[in-house]
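Derivation of every value follows stated rules applied to the coordinates shown; laboratory data play no part. Small disclaimer: the values here were computed from a predicted structure and weren't measured. Here the Cβ positions follow ideal geometry from the backbone for every residue, glycine too, while neighbour counts run over all protein chains shown.
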Amino acid sequence: MFCHSCGTQVGPGVSFCPQCGASLAAPAPSPAGPAWASRPGINAQTGRWIGAGWSLVKEDIPIYAALALVTFLLGSMVPFIIQGPLTAGFFIYCMKHTLRRRAEFADLFTGFNFFVPALVASLVITLFVSIGTLFCIIPGIVLAASYKFTYLFIVDKRMDFWDAMEASRAVVRNDYFGFSMFLVALFFLNVLGAICCLVGLLVTIPISVAAVTVAYQEIVGFEQRTVETL
């Protein structure tokens, strides 16, 4: 299970979080309904979000490039198993940078505090997108776009993998076409990075993660308890 305050994974039978000391007593049950409901009228702002992502990355290109490189290398060494937690940690770094908190390279590994939901989310999303891609590619693009905010819901709202996936889909369904084009734009941005002897990916991948973080902040907003613990 996970601490309701800081998100640290703890073993069964523990009464207080070893990381922050918060009580691990089960919260009072909430009324039946969706874990998170999207407000209507949301539209993708592809150009502005990518521009804002670039503005963040260019402030500290060496650290962002190192995050991308380590994520790629470790993800290649241990495929599937740690890609989700590393992605969650990358988003945590971007969240802290967006909020002008002290962001450090070590933040990449704080995603392992959400190891189980991030791992399962990465596996399920990969499966869904792979199946969707078999049906003329377009369903795969839509599914990939639908679950683009999943990791942010996991680390920000402390959601389990399925609730986070459904919350992400609730955002994107307001503008499936716009968010799919946002995903396609990020894809071609990374293609350009790959053309530059692959080195460009060390910049374009961080821009992609930062752009998604900016979009999430504008559309959903960061949870106050998360902001306080970053």
I need the P(r) histogram for segment 88-230: all alpha carbon pairs, bin width 5 Å from 0 out to the longest distance, whole percents. 2, 10, 18, 22, 22, 16, 8, 2, 0
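Determine, from the Cβ-Cβ distance of Glu218 and Ile61 and an R0 of 22 Å, the FRET efficiency 1/(1 + (r/R0)^6), rounded to the nearest 0.05. Write out the running numbers ahead of the final one.
Numbers: r = 23 Å, r/R0 = 1.06.
For Glu218 and Ile61, the calculated efficiency is 0.40.
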Just add up the charged neighbours of Ala66: K/R +1, D/E -1, any other residue whose Cβ is under 14 Å from the Cβ of Ala66. -3
Beta carbons within 10 angstrom, averaged per residue: use that to sort the peptides 222-230, 121-129, highest first. 121-129, 222-230
By a straight-distance test (C-alpha under 16 Å), which lysines pair with Lys157 as possible cross-link partners, with residues fewer than eight away in the same chain excluded? Lys96, Lys148
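Taking 0.36 nm per residue of sequence separation and subtracting the Cα-Cα distance, how much length would be gained by fully extending the chain between Met77 and Arg225, in nm to one decimal?
Working: separation 148, 0.36 × 148 = 53.28 nm, distance 3.42 nm.
Answer, rounded to one decimal: 49.9 nm.
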Val124 to Val199: extension gain in nm, 0.36 nm per residue of separation minus the Cα-Cα distance? 24.1 nm
If we sort 75-85, 178-188 on the protection proxy, mean other Cβ atoms within 10 Å, highest first, what's the order? 178-188, 75-85
Pop a pseudo-label 7 angstrom from the Cα along the beta-carbon direction at both Thr133 and Asn174 and give the gap in nm to one decimal. 2.9
